[in-house]
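The structure under discussion appears below in the form of structure tokens.
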Amino acid sequence: MIPVLKPVLPSFEDLEPLLRQIDQNQWYTNHGPLVQKLEERLSQRFRQGGHYITACNATLALTVTLQSLNLPAKSRCIVPSWTFPASPLSIVAAGLEPYFVDLDNQTHLPCTQQIRDLVADPHNHISALMVTYPFGQPIDDQFWESLAQELEIELIFDAAAAFDGWQPTNVPSVISLHATKILPGGEGAFIYTKDHDLALEIRARTTFGFNSSGKTSVYLGTNAKLSEYHAAIALHSLSHYDLNRTRLYSVAKQYILNLQDCPVSLPKGLGDWLTMTLNIKVPSSLNLNELESYLADHHVETRRWWTPCHTMPAFQAYPRVEDLSSTQHQYSTTLGIPFGRNDQIIHDVPIVCSLICDWMKSGFGV
């Protein structure tokens, strides 16, 4: 079976010098030296002022960031249904209600008219908007910042998969360091904000809400600190990022070349930005279930990376707009295919592309 994604993390030999540092320091968590170095290196990489605050995972990072915005309890945060469940789960964990909206079919981002309509109705009690970078694809952050200012609501970016396509912005942003992300730390995340006071509160909330004394909880925080071990993995990944990106770019280029004559679409601008998952979009006239089965029969694993959140049992109690047709359309035409930078993938790409094109020509497609 050709896997849809096979994470590649630094080996023990790669990590051994950093692991020895941890042993020598005998400092394993609680903002240790490697965590501090990782935050400093992130700041150096992006060359922007602001604060880089690490956390143990992106879901808790989103939660503590929302909590630190001090929104009215049980008010509502608009979120696209076309996202990973971590987005609405973090909203619920922050004491808010997710309100699911549909997509713009061109941008794959939340429908702005629906957002305007929801905020205009005071009975909806909208206090915030969460915008997801769709599978890591860059977005027009200035547009969304302007919209939030116009509507007088808070804005947060779920940029979990977008390390490569994200740039520091005025909007609080969360980037994942999960093993399946382009900058892997095994597990982890970082939060970026330019707001000094917000950064202090976010960091406090990742550490039981403690004040500077480290003894008294002044916020309803949690334990969301990044360990030294995960910081070690992320530091090594960051130091080799450009080399690893070049390898991933070569895989993306192979797909672009091999699928150029096949009636499927790849993400816009792929190559200018990269992430660890690759989706193709097929014409709506085709049956995606049949393509999935065909590829599985030929030992190619695929994945519907995102199931519309509004269809999941966990979120049935939460409000959603009536028209979610674009979200359903995305789900029925989008398929994740094998991608990554493992040693075998460069040899597998022509096989996967040939199978997709053959299926298109076989009578199932065109």
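The values are calculated or read from the model by the stated rules, or taken from the named source; none is laboratory data. Because the structure is predicted, anything quoted here is derived from the model rather than measured. When we count neighbours, we look across all protein chains shown, and the Cβ atoms used for this are built from the backbone with ideal geometry, even at glycine. Surface areas here come from the heavy atoms of the whole protein model, side chains and all, with no ligands, DNA or RNA. Shrake-Rupley method; radii C 1.70, N 1.55, O 1.52, S 1.80 Å.
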**Asked** Here are Leu355, Leu324: which of them is touching a residue at least 60 places away in the same chain (Cβ under 8 Å), buried (at least 19 other Cβ atoms within 10 Å of the Cβ), under 18 Å from Pro3 (Cβ atoms) and touching a His at 6+ places or on another chain (Cβ under 7 Å)?
**Response** Leu355
**Item:** Residues of region 1-39 classified as touching a strand residue (DSSP E or B) at 6+ places or on another chain (Cβ under 8 Å) and surrounded by fewer than 16 Cβ atoms within 10 Å (Cβ to Cβ), total
**Value:** 2
**Item:** In region 188-203, the residues that are farther than 14 Å from Thr222 by Cβ and not in a helix (DSSP H, G or I)
**Value:** Gly188, Phe190, Tyr192, Thr193, Lys194, Asp195
**Request:** Among the residues of region 93-113, write down those that are at pLDDT 95 or above, open to solvent by 50 Å² or more (accessible area, probe 1.4 Å) and either touching an Asp or Glu at 6+ places or on another chain (Cβ under 9 Å) or in a helix (DSSP H, G or I) (or both).
**Result:** Ala93, Gln113
**Request:** May I ask you to list the residues in region 114-124 that are in a helix (DSSP H, G or I) and either surrounded by fewer than 12 Cβ atoms within 10 Å (Cβ to Cβ) or of a type in the set (Ser, Thr, Tyr) (or both)?
**Result:** Ala120, Pro122, His123
**Request:** Would you mind finding the one in Cys309, Cys262 that is at negative phi and modelled with pLDDT under 95?
**Result:** Cys262
**Complete:** Selection over region 39-66 where residues are under 18 Å from Ala160 (Cα atoms) and not in a loop (DSSP other than H, G, I, E, B) yields a count of 19
**Item:** Residue in region 47-65 that is most open to solvent (accessible area, probe 1.4 Å), counting only those that are out of contact with any helix residue (DSSP H, G or I) (no Cβ under 6 Å at 6 or more places or on another chain) and farther than 13 Å from Thr222 by Cα
**Value:** Arg47
